[in-house]
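Nothing in this text is a laboratory measurement; each read-out follows from the coordinates by a stated rule. Since the structure is predicted, the reported quantities are computational estimates derived from the model, not experimental observations. Heads up, the Cβs are rebuilt from the backbone with ideal geometry, glycines too, and the neighbour counts pull from every protein chain shown.
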Amino acid sequence: MFFVGDKAKMRFMQVRSIRFFGSALFLFLCGELLAANSPEIPVVDGGLGSCRADFTVKDGSDKPIYNAKIHVTIKYGFLNKRKAELEVGTNSDGKASVTGLPNLPKRPLEFIVKSGTVEKTVTDDPSDTCNATFDVTLAVH
């Protein structure tokens, strides 16, 4: 035998549990959307071939560096008279890419990675590693 107060209490508990599970589902779905929205990786395209170089730049304490500049000068053409200078900055995850690198450069490419007063040179020969990945640590000594 139920009293009027017991029915109201049961209804209140049902509404409360539905609200709780609805809120939990909403937060779960929002979390999935936020996780999927990682920052876009900046890309610069040299338009000289199909090779690429992907960079992740971190500081001495293994934290990503935002807006570290990656610069490369590519000489090409007859007697290397033409040149393309490319530069890209890293995103908040310390990531950036350089695409359109020549497949068979006459000499290896030198990428200069710089943040503030600290810089490091990374060398790559796209004829050996067409899709190179570099983890660069910039640390003040």
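Please determine, by comparing only the residues of the range 125-139 that are among the hydrophobic types (A, V, I, L, M, F, W, C) and assigned to a strand (DSSP E or B), which one is farthest from A53 (Cα to Cα).
L138
Among the candidates N91, N103, N67, single out the residue that is on the phi > 0 side of the Ramachandran plot and not β-branched (V, I, T).
Of the residues listed, the single one that is on the phi > 0 side of the Ramachandran plot and not β-branched (V, I, T) is N67.
Looking only at the range 69-107, how many residues end up being aliphatic (A, V, I, L, M) and surrounded by fewer than 15 Cβ atoms within 10 Å (Cβ to Cβ)?
Counting residues in the range 69-107 that are aliphatic (A, V, I, L, M) and surrounded by fewer than 15 Cβ atoms within 10 Å (Cβ to Cβ) gives 2.
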